[in-house]
Amino acid sequence: MTQKTIAERTWRIPNRMTALADLAKEVFEWMADLPLSSRAKYSAGLAVEEMVSNAIKYGYDDEREHEIVVHVLANHDRLEITFEDDGHPFDPTGHPKPDLERIVESRRIGGLGIELVRRICEKMVYERVGDRNRLVLHIRRFEAHDTQLLSLPLGTPS
Amino acid sequence: MELTVDKQNHTAIVAARGRLDAAGAPEFETRCKALVLEGANRLLLDFAQVEYVSSAGLRSLLVLAKTVKSAGGALALCSLVPAVRDVMTISGFDNILPLAANRAAALELLK
């Protein structure tokens, strides 16, 4: 069954933190007038910031500019956010849970953002297509009972 | 991120305003750590006007919790907006950081 698209938009940004700040602002502005719950808007904005900042921080060894593509689509049930980049192969769905002690020790230790995104998404699908990472996230447009938002302390197996 | 600080003895009440994200978190962390170094080992973080917290912000809060603990103090957050409260719950940080409904309740937690 195909879902009717309410709105969609694609952003293409260089792998630079300054570009991410502008992107996050634009995504929030674009969603402002869409029929989405405030939680869906917050979650989508958070997912974009967390995943793109991870790609920028950890995806590349060289200094060259790379393009990161973010596509956001709203349909009847959900927001579908697709990220594509040509960074190192990285599957966030299999990333270990963050160790909070180590996160405090070093700013280089990541994982907190990914864990947060994993918890706000209904679904997270990763594939490596040729030399590109492709990640699709599903976020509910409205929530009935917020049952996917159960609180689990970080670091404990779920 | 704007911070308004009110110091009373060993307690600093920090009213933050804006987004605690990758851009705002480093300054927030540095300024709060400085308060602890100056002797305010009890931090009351009033988040009534913090509209957004990302993982960078959560990390800073974790660092500050550790900082006050090593200084023999404590921290508490109060007056979180619903979206930020949600992030605390989703991440499980509501189990790590003391959250209060308002300043009075937070001051009780810091006693």
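Read-outs throughout are calculated quantities, based only on the coordinates presented, and are distinct from any laboratory measurement. The structure presented is a predicted model; accordingly, all values stated were derived computationally and were not measured. Neighbour counts are summed over all protein chains in view; Cβ atoms, including those assigned to glycine, are modelled from backbone coordinates with ideal geometry.
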Per the filter on region A:83-103, residues surrounded by fewer than 16 Cβ atoms within 10 Å (Cβ to Cβ) and either closer than 17 Å to A:Ile13 by Cβ or basic (Lys, Arg) (or both) are A:Arg102
Within region A:23-34, track down each residue that is within 11 Å of chain B (Cβ to nearest Cβ) and without any contact (Cβ under 8 Å) to a residue 12 or more places away in the chain.
A:Lys25
Lone unmet requirement of (1) under 23 Å from A:Glu122 (Cα atoms); (2) touching a helix residue (DSSP H, G or I) at 6+ places or on another chain (Cβ under 8 Å); (3) part of a strand (DSSP E or B); (4) of a type in the set (Val, Ile, Thr) for A:Thr10
(2)
In region B:33-57, residues that are surrounded by fewer than 21 Cβ atoms within 10 Å (Cβ to Cβ) and within 11 Å of chain A (Cβ to nearest Cβ) total 2
Would you mind listing the helices (runs of 4 or more DSSP H) fully within region B:1-105 where at least 1 residues are more than 11 Å from the chain's Cα centre (by Cα) and aromatic (Phe, Trp, Tyr)?
none
Single match in A:Ala7, A:Ala19, A:Ala40 (criterion: without any contact (Cβ under 8 Å) to a residue 12 or more places away in the chain, farther than 19 Å from A:Ile114 by Cβ and of a type in the set (A, V, I, L, M, F, W, C)):
A:Ala19
Going through region A:1-57 in order, the residues found to be within 16 Å of A:Ala74 (Cα to Cα), among the β-branched types (Val, Ile, Thr) and loosely packed, with under 13 Cβ neighbours inside 10 Å are A:Thr2, A:Thr5, A:Thr10
If you take the residues in region B:82-111 that are among the hydrophobic types (A, V, I, L, M, F, W, C) and facing chain A (nearest Cβ under 10 Å), which one is nearest to B:Leu20 (Cα to Cα)?
B:Val84
Sort out which residues of region A:112-132 are farther than 19 Å from B:Asp86 by Cα and more than 12 Å from the chain's Cα centre (by Cα), and write them in order of number.
A:Glu127, A:Arg128, A:Val129, A:Gly130, A:Asp131, A:Arg132
So is A:Glu26 in contact with a strand residue (DSSP E or B) (Cβ under 7 Å, 6 or more places away or on another chain) and more than 18 Å from A:Gly113 (Cβ to Cβ) or not?
yes
Which of the residues spanning region B:99-111 are closer than 15 Å to B:Phe47 by Cα and crowded, with 16+ Cβ neighbours inside 10 Å?
B:Leu99, B:Ala100, B:Arg103, B:Ala106, B:Leu107
Kindly check whether there is at least one residue in region B:58-79 that is away from every other protein chain (no Cβ under 13 Å), exposed (fewer than 15 other Cβ atoms within 10 Å of the Cβ) and more than 23 Å from A:Leu116 (Cα to Cα).
yes
